[in-house]
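Note sheet for the following structure.
A short reminder: the numbers here are calculations on the coordinates, not readings from a lab. Please read these numbers as outputs of a predicted model, since none were measured by experiment. Don't worry about glycine lacking a Cβ; one is built from the backbone with ideal geometry, like all the others, and counts go over all protein chains shown.
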Amino acid sequence: MVTSSHPQIQPILSSKDANIYYGNFLAVRDVTIDIPKNSITAFIGPSGCGKSTVLRCFNRLNDLIKTFKMRGRMNYHGQDLYSPEIDPVAVRRQIGMVFQKPNPFPKSIYDNIAFGPRLVNYKGDMDELVERSLRGSALWDEVKDKLNESGLALSGGQQQRLCIARAIAMQPDVILMDEPCSALDPISTLKVEDLLQELKEKYTIVIVTHNMQQASRASDYTAFFNVEQTDRGRTGHIVEYDRTEVIFQNPQQQATQSYVSGRFG
Amino acid sequence: MVVSPNQKIEPMQRDRSPLARNLDTAFVWLTGGFASLIAILLITIAIRVGIDASPAMAKFGLGFLFESRWDPVTEVYSAFPQIYGTIVSSFLALLLAVPVGIGVAIFLSEDFIPEKIQRPVVFLVELLAAIPSVVYGLWGIFVLIPVLRDMGKGIHQSLGWLPFFSTSPSGPGMYVAGIILAIMILPIITAISRDALVAVPLELRQAAYGLGATRWETIFKIILPAAFSGVVGGIMLALGRAMGETMAVTMVIGNANKASVSLFDQGSTVSSLLANQFAEASGLQVSSLMYAAIVLFALTLVVNILAQVVVQRVNRI
């Protein structure tokens, strides 16, 4: 097994020898990965290989699962994310998240965006922030005349961009995306992918995807996860992590080669 | 679908006997009949009560609602104290039961305690609703009143300058009725609110946490508003129950024909009036009781309509 990390750029998120457990079950082992700033990193791999689990460790969303345990190190700007002094709430304000299923709040479009900033008592011009966030997620032109309508009245693709705008409004450092396009049609998917390229100017993006074309089109780095059956259940691990063109054109591992060329299992 | 010329298409109907078809039709008629029976029952009750109430309506008019005489000797009837008592006791009950009920519902819908303990506690709360109201009344007389009377005297001595506490409690009274009702409607509010809270999708919770909301911010800003219509529904059901509750209230309210601002004073409600009077009533008195019944029915109807309006206004966004 090779887990190469990327030394060229100062990593914003990094993980070293992280083992993730649910109760006694080892879900993902030996996660060692450096995620460079202002880039898009894709996590690919078969179902159940722990991509989403690792993603959710980076903003401590797994803390909500009672049996969850993490052993090893996960760093954000060099500080240990799991040190006892760290407040998970503060972590999540820096590291935003977009989920698989669009999940706008049952509130108006405006209030959806303003929800996060209000939590931190945002002092600036809220109207301006809402507009900037909606422009940032390429949704402004479609919703500028109906900001007081329910976020749930939008189409699925619009809802997902609303959720991205909601994440942007917190002005985070990193945006984690858990299969953000899996519930969207191809046109909405392309819109979100275009958006990713604009977003990486300001943010670091980590995206879990099942869509191989999406990973190869949209990402700068790709980590291939695989899963193996052990006596204690199915445990995921990172097989290979490199620049996206290397993973897709010249992978070092046979398993990666099989997966990206579609000859898998 | 491409069909080769020599392939036969199977017919897609199912062979059904005439008996099965007739049973189907009969079943539709049967269920339809039951459904209309309920509607007819409701309408006949309303019409019957309306007809019986009409002599009193004609004689006392709207003055029935605003005057305080109930005199079988001179045959003059009006029900202001009872209407006042119904509203005050019910709202007192809501005032006490809503914060507690929603609090308990939050506690029992989040993961504050392990599921093994949570389930029995939920069951116990719901079991409160299964206690017959006459048992509540009995408990109210022999347990609650002695305790509350002493506490009430203390409150009257220190806070007697407030109109609500301006008389000394003599035992039964409005405050006992309000507290008994609060206990009786608590399980309704808790059970329905909890169901509504549990039904809020996990995705919303995760979205809030993902934006850096704390647990309390998630509960109060996302989960409670998302469950709002369910919670209001529970409160309204509880209010309906409180307004109509008869036995326990009749046993502890004192049944005095007066509308007093002081909660320690005795009073009566429309339902306690009906329960106390129906046995020896005749003539115009029966008609007046029917009139009071219509007022009670109208009160609950108004409350329910108001609740619908509130829920719709909030759900519009």
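Data for the structure
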read-out	value
Highest to lowest packing among B:29-37, B:141-149, A:128-136, B:268-276, scored as the average C-beta count within 10 Å	B:268-276, A:128-136, B:141-149, B:29-37
Chain A - mean residue ellipticity at 222 nm from DSSP helices (-39,500 (n - 2.57) per run, n ≥ 4, rounded to 500)	-9500 deg cm²/dmol
Fraction of beta bridges assigned by DSSP in the protein assembly as shown that are antiparallel (%, nearest 5)	60 percent
Counting DSSP beta bridges with both ends in chain A, the antiparallel % (nearest 5)	60 percent
Along principal axes, Cα extents of the stretch A:11-260, largest first, whole Å	56, 42, 28
Counted charge near A:Ile12, where neighbours are those whose Cβ lies closer than 14 Å (Asp, Glu -1; Lys, Arg +1)	0
Average beta-carbon neighbours from other chains, 10 Å sphere, peptide B:182-189	0
Two-site label geometry, B:Ser68 and B:Arg313: point separation in nm, points 7 Å out along Cα→Cβ	3.2 nm
Estimated FRET transfer efficiency (A:Tyr22, B:Ala130; beta-carbon r; R0 45 Å; 0.05)	0.70
Residues of the stretch A:11-32 with amide N under 13 Å of the 7 Å Cα→Cβ point at A:Lys66	A:23
Förster radius 60 Å - calculated FRET efficiency between B:Ile51 and A:Glu142 (Cβ-Cβ, nearest 0.05)	0.50
Extension gain (nm, one decimal) between A:Asp127 and A:Glu149, 0.36 nm per residue minus Cα-Cα	6.4 nm
Fully extended contour minus Cα-Cα distance, from B:Glu280 to B:Val100, at 0.36 nm per residue	60.7 nm
Mean separation of Cα contacts under 8 Å (6+ apart) over length of the stretch A:121-185, as relative contact order %	36 percent
Cα centroid separation - the stretch B:94-147 against the stretch A:51-121, whole Å	36 Å
In nm, spacing of pseudo-spin labels at B:Trp29 and B:Ile117 (7 Å Cα→C-beta vector)	6.0 nm
Calculated over chain B: convex hull of Cα atoms, volume per residue (Å³)	274 Å³
Value of [θ]222 nm, deg cm²/dmol, for chain B, DSSP H segments ≥ 4, -39500 (n - 2.57) each, nearest 500	-22000 deg cm²/dmol
15 Å reach of a label modelled at B:Ala199, 7 Å along Cα-to-Cβ, counting backbone N of the stretch B:230-250	B:230-237
Placed amide H near A:Met97: partners under 5 Å, 5+ positions off or other chain	A:Leu176
For the protein assembly as shown, fraction of C-alpha pairs farther apart than 47 Å, in %	40 percent
Shielding by partners - mean other protein chain Cβ count within 10 Å, residues of A:91-102	3
Lysines whose Cα lies under 29 Å from that of A:Lys123, excluding same-chain neighbours fewer than 8 positions away	A:Lys37, A:Lys107, A:Lys144, A:Lys146, A:Lys200, A:Lys202, B:Lys221
Mean Cβ count within 10 Å, highest first, over the residues of peptides A:230-243, A:142-155	A:230-243, A:142-155
Dipole of the stretch B:19-174 [Lys/Arg +1, Asp/Glu -1 at C-beta], most positive-end residue of B:Pro99, B:Gly63, B:Leu128	B:Gly63
Packing-based ranking, highest mean first, of B:228-239, B:209-220 given that Cβ atoms within 10 Å are counted	B:228-239, B:209-220
Amide proton proximity set for A:Phe68, modelled H, under 5 Å, gap of 5+	A:Gly23
Residue-averaged beta-carbon neighbours from other chains (10 angstrom radius) around B:210-223	6
Binned Cα-Cα distance frequencies in the stretch A:134-265 - 5 Å width, integer %	2, 9, 18, 19, 16, 13, 10, 7, 4, 2, 1, 0
Using θ = phi - 60° and Karplus 6.51 cos²θ - 1.76 cosθ + 1.60, couplings along the stretch B:187-194 (whole Hz; Gly, Pro as x)	x, 5, 4, 5, 5, 6, 5, 5
For chain A, built as a Gaussian network whose Cα springs stay under 10 Å, the top-fluctuating residue of A:Ile12, A:Ile95, A:Ile65	A:Ile65
